[in-house]
Amino acid sequence: MLTAGPERTVTVAWRLSGHARRLVTLALAALFLAVLTRRAEFAGLAAPALLLLIPRRSALPPEIGVGLAAEADQVTEGERAAILVKITEQRDATVHVRLRPEAWITAGAAALGADGWYRLPFLAQRWGQRLVGTLEVTLHDRWRLAEGRVTVMLPRIACLPRPARLESLIVLSKLPARLGEHAARAPGEGVEFAGVREFVPGDRQRRINWPATTRRGSLQLNTFAAERAQVTVIVLDVSIDLGPAGFSTADLAGRAAAGAAAAYLAARDRVGLISFGQQLRWLSPATGRRQAERIMAMIALDSPDGEPLGSVTRLPNAALPPGALIIVVSPLLNMRLIEALRELRERGFATIVIDVLRTEPDVGLRGRRNRAMALLARRIWRMEQDAIRFSLRELGIPVVSWDGMSSLDEPLAAYTRRALVNQP
Amino acid sequence: MSAPASQGATPARAVIASAVPLLAATVLAICVVAWAAVPMRDAHPGARPVLVVAVACAWLAILRLGAAMFASRSGVAFREPSLAEWTRSALHAFPWAEIMTVAVLALEALHPSRPWHTAALGVVVLAFLLVLHLAESGARPAVLRPVLPLIAAGLALAALSVLAATLSASGGLVALIAASAAVAVAVLALPV
């Protein structure tokens with residue numbers, strides 16, 4: 001449902017249009033040549049331009065009303081949306097509306113609807129809370145000799161990250177005693193076959209495995225795996241952003257975190273989020289659609305809440321229930337986070353890192369003379385990064401690399417085939 | 001990633017529709033410069049540099065128009081500032097169409113008096129300016145309907161001036177009329 005925003009009155013700055021300036025130039029140049037050369041035909045050449053300039057003094061509106069609305073309060077990356085604009089009090093001036101977009105969106109051509117609203121379509125291509133751009137309204141008088149311009153700053157729009165695809169989930173070997181959809185190692189009342197054992201009085205007769213009973217000569221019983229819910233905490237590291245717009249480490253981290261949260265929530269798991277940005281913010285694990293909305297909002301929207309990153313020494317206990325799976329989405333450039341990961345592992349949490357670093361920093365050395373120095377600096381940086389990843393693997397924290405284009409299933413394949421052991 | 005298509009017209013039809021005014025402006029610019037230049041052998045020796053300026057300004061005016069039309073069609077995200085962007089801003093640094101108009105009139109003035117030729121040049125220059133305006137603003141030719149009587153009256157006055165020139169009217173009278181008209185133009189061009 002479209003809702004009209006508050007209409008505002010904007011002052012129009014009128015000036016000569018480009019067309020009028022050219023007519024003035026033609027008329028003045030021709031008349032000057034007529035005087036200079038004393039040739040009447042040049043005065044005649046100026047006549048049409050001169051006559052076209054006469055009706056310029058028409059009633060021009062000093063102000064116009066601009067009403068703004070958005071098709072949706074928030075959009076998702078790759079989704080088409082539109083800003084709606086209504087111009088009023090323009091009298092008989094013709095109106096041309098144009099969206100000057102910010103760098104994160106692709107703008108389309110404006111179209112006037114039958115209801116009098118201009119529709120300015122755009123395609124959102126980077127998550128976050130960002131300005132859409134500026135609205136440029138150009139007015140022409142009836143004779144197209146005066147041109148009025150109005151520029152209105154458009155409000156911010158929240159763009160949610162496009163969740164990365166994740167179909168196979170990492171499941172821990174030991175799950176908390178909470179009913180869910182993951183087959184646990186412990187026997188229970190689930191539907192996944194676990195094995196066969198000797199019948200003992202009190203067992204349900206409908207579970208007797210008759211072929212096994214016939215072979216062994218004693219009553220045998222089918223056993224099933226218990227079904228448990230997992231607690232998953234996603235650590236989103238956007239404290240350092242590196243790389244080209246749209247494919248920077250923060251862009252990729254947001255998409256991976258959104259994809260992982262959506263996949264685990266769809267499996268009825270409890271999912272929490274720790275956002276490691278300019279400030280440390282977290283959401284305690286919970287299930288359901290409301291939690292999905294809260295997680296997406298925390299990823300996409302800026303908020304002054306949370307602890308300043310400088311005062312944080314360890315990740316908050318309240319956000320880390322015992323036995324939780326920790327999925328860290330990070331470029332592994334923040335040493336404070338790396339220390340927190342080591343500490344998490346020491347506390348016995350099963351942790352896996354999705355590395356979203358796809359680019360190398362500019363070392364800032366230019367010129368042929370500095371080329372060798374730049375190569376050396378880059379090599380040292382690469383070695384440092386390799387050392388960080390090696391040390392994490394040595395601690396038992398797997399590090400997988402995600403390119404931002406493919407499904408998350410590909411890098412995580414080695415850990416989704418079997419249960420991840422969550423005891424040190 | 002594709003830009004959202006405008007409602008109504010298909011992209012191919014929209015491209016053709018926007019290319020027609022550009023093509024018309026190009027043809028008229030060529031006609032204006034060629035008409036003012038020929039025959040060069042009768043012209044004053046100073047006509048050659050003026051012709052070079054007129055040709056250069058005509059092309060720059062057309063390039064500026066094309067660049068403006070292209071810029072209005074491409075609002076692609078994450079576009080890096082490029083050489084094309086720099087060229088576009090350079091093209092907008094000067095009013096090339098106005099300079100071309102002055103150069104073309106100067107070129108005509110450097111030829112011996114030929115009243116009907118000058119009147120025809122005036123018609124073509126006016127047509128060029130109108131087409132340039134339509135292409136620039138994306139307006140339809142119908143927006144010029146209210147000014148058609150004024151254009152007709154102007155052309156009639158131009159024809160009268162040609163008659164006056166052919167009948168060898170007094171140069172002093174022509175100068176007086178032209179100066180008065182120049183003052184009128186200046187008054188009309190005052191800020192709104």
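The values are calculated or read from the model by the stated rules, or taken from the named source; none is laboratory data. Remember, predicted model here, so these are calculated numbers, not experimental data. With ideal geometry, Cβ positions are generated from the backbone for all residues, glycine too; neighbour counts draw on all protein chains shown. All accessible areas refer to the heavy atoms of the entire protein, side chains included, with ligands and DNA or RNA removed. Shrake-Rupley method; radii C 1.70, N 1.55, O 1.52, S 1.80 Å.
Name, by its number, the condition in (1) within 30 Å of A:VAL10 (Cα to Cα); (2) out of contact with any Leu (no Cβ under 6 Å at 6 or more places or on another chain) that does not hold for A:ASN222. Tallying (1) within 30 Å of A:VAL10 (Cα to Cα); (2) out of contact with any Leu (no Cβ under 6 Å at 6 or more places or on another chain), A:ASN222 fails exactly one: (1). Residues that are within 12 Å of another protein chain (Cβ to nearest Cβ): which strands (runs of 3 or more DSSP E) entirely in segment A:58-141 hold 3 or more of them? Counting at least 3 such residues, we get A:80-88, A:94-101, A:105-107, A:118-124, A:133-140. Can A:THR313 be described as closer than 26 Å to A:ALA267 by Cα and polar (S, T, N, Q)? When the stated conditions are applied, A:THR313 does not pass them. Looking for something closer than 30 Å to A:LEU337 by Cβ and open to solvent by less than 20 Å² (accessible area, probe 1.4 Å) - is there at least one such residue anywhere in segment A:210-224? Scanning segment A:210-224, I find no residue that is closer than 30 Å to A:LEU337 by Cβ and open to solvent by less than 20 Å² (accessible area, probe 1.4 Å), so the answer is no. Per this entry, A:ILE327 is counted among residues that are outside any loop (DSSP other than H, G, I, E, B), open to solvent by less than 60 Å² (accessible area, probe 1.4 Å), under 25 Å from A:ALA414 (Cα atoms) and out of contact with any Phe, Trp or Tyr (no Cβ under 8 Å at 6 or more places or on another chain).
The selection criterion, being at pLDDT 85 or above and assigned to a helix (DSSP H, G or I), holds for A:ARG22. A search for C-beta distances below 8 Å between a residue of segment A:190-215 that is farther than 22 Å from A:GLU227 by Cα and in contact (Cβ under 8 Å) with a residue 60 or more places away in the chain and any residue that is hydrophobic (A, V, I, L, M, F, W, C) and outside any strand (DSSP E or B), counting only pairs 6+ apart in sequence or on different chains, returns nothing. Residues considered: A:ARG156, A:ARG144, A:ARG162. Of these, the only one that is crowded, with 21+ Cβ neighbours inside 10 Å and of a type in the set (Lys, Arg) is A:ARG144.
Scanning segment A:267-288 for residues that are open to solvent by 70 Å² or more (accessible area, probe 1.4 Å) and farther than 25 Å from A:ARG156 by Cα, we see that the one that is modelled with the lowest pLDDT is A:ARG268.
A:VAL233 passes every criterion in (1) open to solvent by 30 Å² or more (accessible area, probe 1.4 Å); (2) touching a strand residue (DSSP E or B) at 6+ places or on another chain (Cβ under 8 Å); (3) β-branched (Val, Ile, Thr) apart from (1).
Taking the stated definitions as given, is A:PRO48 at pLDDT 85 or above, more than 56 Å from the chain's Cα centre (by Cα) and either within 11 Å of chain B (Cβ to nearest Cβ) or over 30 Å from A:LEU131 (Cα atoms) (or both)? Taking the combined requirement at face value, the residue satisfies it. Filtering A:THR25, A:THR106, A:THR88 for residues that are within 30 Å of A:PRO161 (Cα to Cα) and open to solvent by less than 50 Å² (accessible area, probe 1.4 Å) leaves a single hit, A:THR106. Screening A:LEU333 with (1) farther than 28 Å from A:SER407 by Cβ; (2) in contact (Cβ under 8 Å) with a residue 40 or more places away in the chain gives one miss only, at (1). Only one entry of A:SER391, A:SER407 meets the criterion of being within 18 Å of A:VAL353 (Cα to Cα) and in contact (Cβ under 8 Å) with a residue 60 or more places away in the chain, and that entry is A:SER407. Closer than 25 Å to A:ARG156 by Cα and of a type outside the set (S, T, N, Q): is that true of A:ALA258 in this structure? So A:ALA258 fits the description; yes. Here is the figure for segment A:34-45: residues that are part of a helix (DSSP H, G or I) and either more than 17 Å from B:LEU126 (Cα to Cα) or more than 7 Å from chain B (Cβ to nearest Cβ) (or both) total 5.
Here A:ALA377 meets each of (1) open to solvent by less than 70 Å² (accessible area, probe 1.4 Å); (2) under 31 Å from the mean Cα position of the chain (by Cα) with one exception, condition (2). Which residue is nearest to A:THR416 (Cα to Cα), if the candidates are limited to segment A:236-266 and must be crowded, with 19+ Cβ neighbours inside 10 Å and within 14 Å of another protein chain (Cβ to nearest Cβ)? Among them, the one singled out is A:ASP251. Within segment A:178-209, the set of residues being buried (at least 16 other Cβ atoms within 10 Å of the Cβ) and closer than 26 Å to A:LEU320 by Cα comprises A:GLY180, A:HIS182, A:ALA183, A:ALA184.
Here is a yes/no grid of residues against (1) part of a helix (DSSP H, G or I); (2) within 22 Å of A:SER275 (Cβ to Cβ):
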{"site": "A:LEU344", "(1), (2)": "yes, yes"}
{"site": "A:PRO361", "(1), (2)": "no, no"}
{"site": "A:ARG368", "(1), (2)": "no, no"}
{"site": "A:MET405", "(1), (2)": "no, no"}
{"site": "A:TYR415", "(1), (2)": "yes, no"}
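Annotation note: Cβ proximity below 7 Å between a residue of segment B:140-166 that is at the interface with another protein chain (Cβ under 7 Å from one of its Cβ atoms) and a residue that is surrounded by 15 or more Cβ atoms within 10 Å (Cβ to Cβ) and among the basic types (Lys, Arg) (sequence gap 6+ or interchain) occurs for B:VAL143/A:ARG144; B:PRO146/A:ARG142; B:ALA165/A:ARG39.
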